[in-house]
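The values are calculated or read from the model by the stated rules, or taken from the named source; none is laboratory data. Computed from a predicted model, the values in this text were never measured in an experiment. Cβ sites come from the backbone with ideal geometry, for glycine too, and all protein chains shown count toward neighbours.
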Amino acid sequence: MRGLYVVDTHALIWHLTGDPRLGRNARSILERADRCKEVVLVPSIVLAECLYLLEKKGRGSLFLDLLNAVEAHPAYDIYPLTAAVLREMPNIVGLAELHDRIIVATAKVNNAVLITKDEEIRRSGYIPTIW
């Protein structure tokens, strides 16, 4: 049975670039998704953050390749900022960053495990996490 996961920005970028900082468990799940053994939701805010980070490093021209790759892969689904996510966000207090609240709410609404290195999110206990 395939699991359902939500991926945060660092996990997605580090997976796509083969960065050794990606956690062992996160790497395993994302490699399984690459083989269509898991389903990964990619919140639209994560892709927006990817654009920001690429532009910050002078590599913004790579963004459309990243977006096209995520869109084309059958195990990765881009998840929009929906009304259900917005309704869940007021219940997520104590996280400093708005984008983190969106990512956590996306996982919560979908009963998914969040792939994240973010210690603040992991300690919050709002949702199950893996790294």
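Only one residue in Tyr76, Tyr52 is closer than 23 Å to Gly3 by Cα, of a type outside the set (Val, Ile, Thr) and either out of contact with any His (no Cβ under 6 Å at 6 or more places or on another chain) or surrounded by 19 or more Cβ atoms within 10 Å (Cβ to Cβ) (or both), so which one is that?
Numbers: Tyr52 fails: closer than 23 Å to Gly3 by Cα.
None of the other options fit; the residue is Tyr76.
Considering Ile78, Ile121, which residue is within 15 Å of the chain's Cα centre (by Cα), over 14 Å from Leu12 (Cβ atoms) and at pLDDT 95 or above? Show your work before the answer.
Numbers: Ile78 fails: over 14 Å from Leu12 (Cβ atoms).
Selected residue: Ile121, the only one of Ile78, Ile121 that is within 15 Å of the chain's Cα centre (by Cα), over 14 Å from Leu12 (Cβ atoms) and at pLDDT 95 or above.
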Query raised in the report: Under 8 Å by Cβ, and 6 or more places apart or on different chains, what pairs join a residue from segment 85-109 that is on the phi > 0 side of the Ramachandran plot with one that is in a helix (DSSP H, G or I)?
Result: Gly94/Ser124
Query raised in the report: Does His15 count as outside any loop (DSSP other than H, G, I, E, B), without any contact (Cβ under 8 Å) to a residue 24 or more places away in the chain, out of contact with any Asp or Glu (no Cβ under 6 Å at 6 or more places or on another chain) and under 23 Å from Lys108 (Cβ atoms)?
Result: yes
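Among Val40, Val46, Val6, Val70, which is among the β-branched types (Val, Ile, Thr) and touching a Pro at 6+ places or on another chain (Cβ under 8 Å)? I'd like the intermediate steps shown before the answer.
Values: Val40 fails: touching a Pro at 6+ places or on another chain (Cβ under 8 Å); Val46 fails: touching a Pro at 6+ places or on another chain (Cβ under 8 Å); Val70 fails: touching a Pro at 6+ places or on another chain (Cβ under 8 Å).
Only one candidate passes the filter, namely Val6.
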Query raised in the report: Does Glu71 satisfy the criteria of being surrounded by 17 or more Cβ atoms within 10 Å (Cβ to Cβ), under 15 Å from the mean Cα position of the chain (by Cα) and of a type in the set (Asp, Glu)?
Result: no
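Out of segment 90-108, which residues are under 15 Å from the mean Cα position of the chain (by Cα) and surrounded by fewer than 19 Cβ atoms within 10 Å (Cβ to Cβ)?
First, the residues of segment 90-108 that are under 15 Å from the mean Cα position of the chain (by Cα): 97-108.
Result: Glu97, Leu98, His99.
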